[in-house]
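No lab work stands behind these numbers, since they all come straight from the coordinates. Only a predicted model underlies this, so the values are computations on that prediction, with no experimental measurement involved. Cβ: placed from backbone, ideal geometry, glycine included. Neighbour counts: every protein chain shown.
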Amino acid sequence: MMAKTRHASSKEILEIPFAAPAGTPAGIEVMSLAELRRRVCERTLAQPRRPDFHHLLTLTTGALRHTVDFDAHMLRPGSWLWVRPGQVQQWGALGKAEGMLILFQQDVLDAATATAARVDDPHAPVVTTPVADDGRALTMAAEHLSHEFGALGHLPLEVHMAALRHLLAVLLLRLAHLTVPSGSPAPEPDETYLRFRDAVERDFTRTRRVEDYARALGYSGRTLSRATLAGAGLSAKEFVDRRVVLEAKRLLAHGDRTAAQISDHLGFVNPSQFSKYFLHRTGQSPIEFRRGIRGRGEASAPPAGTAVRLHDPTRR
């Protein structure tokens, strides 16, 4: 597997850099879940990790529980899971689940294609379940990509790599632009909400004050709150706080920064303020969260105060 892992103690998180398999072109790898089971033990996969490359997964049989950014998702045949760089993930028990895993680096596509495929979208859904026609098209695209990946040596290397990039582009473009099921058109997000969402993503380590975002964007705080409530079902303040807490959880789960260093990175006055903020919103201190997430196997119960939301893409 191109994701080289190193064994870690309970106090050290696994680092997952991208490394192309020997004898294959860099940037893309396609494998079955059976092959994944042969290469990596499930205990290793169950540890929290924050890879710097994309994971695209679909099942053909069985079911798989996969945790992304501390929310558990139930993946079933016909659904697609997309984990982007920077997100923290933990694999559930692979069991008898079968399917295809596609791994690729951020820069494997040209800039225009990456933009059209929304590769960098931090708000994209983790799991999607396409309607029938889209599902068949995605399956064909994935099978064509898998076939080409396994056909190394049949074409000149540069041509083979170009074919892989084009086939991956087809798959990602189709996945990013799925047909909306009839009878349930999704409303277009309000421009005010989108501007606020982007501003929070850019500046949440600098300020947690809704007034600062309102002033920078030229809106009133009330306008931002109405737009965020309509667009995300949250108040503007809750939206900011959730983004800060998510980043805190990512940093606590991955890497060895101290709570004080994370506090400083997230713009808190001091570690005590950060600890109180985190405790109030999660029910755990930062140290308790770190200890729990690193020591917890997939079969174990979550730490006290942690709400694990299980998303089943087959349910409405």
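Numbers below:
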read-out	value
Cα→Cβ-extended label distance, 7 Å offset, between Arg39 and Ala162, nm	2.7
Spin-label pair Asp212/Met140, simplified geometry with 7 Å Cα→Cβ offset, distance in nm	5.1
Per-residue Cβ neighbour rank within 10 angstrom, fewest leading, Glu35, Glu158	Glu158, Glu35
Gain upon complete extension [His265, Arg281; 0.36 nm per residue less C-alpha separation]	3.9 nm
Environment charge of Val126, counting only residues whose C-beta is closer than 11 Å and scoring Lys/Arg +1, Asp/Glu -1	-1
Relative contact order of the stretch 28-176, defined on C-alpha pairs under 8 angstrom at six or more residues apart (%)	26
Ascending count of other beta-carbon atoms within 10 Å, so fewest first, for Tyr193, Tyr213	Tyr193, Tyr213
Cα-based Kirkwood hydrodynamic radius, the stretch 67-223, one decimal, Å	18.5
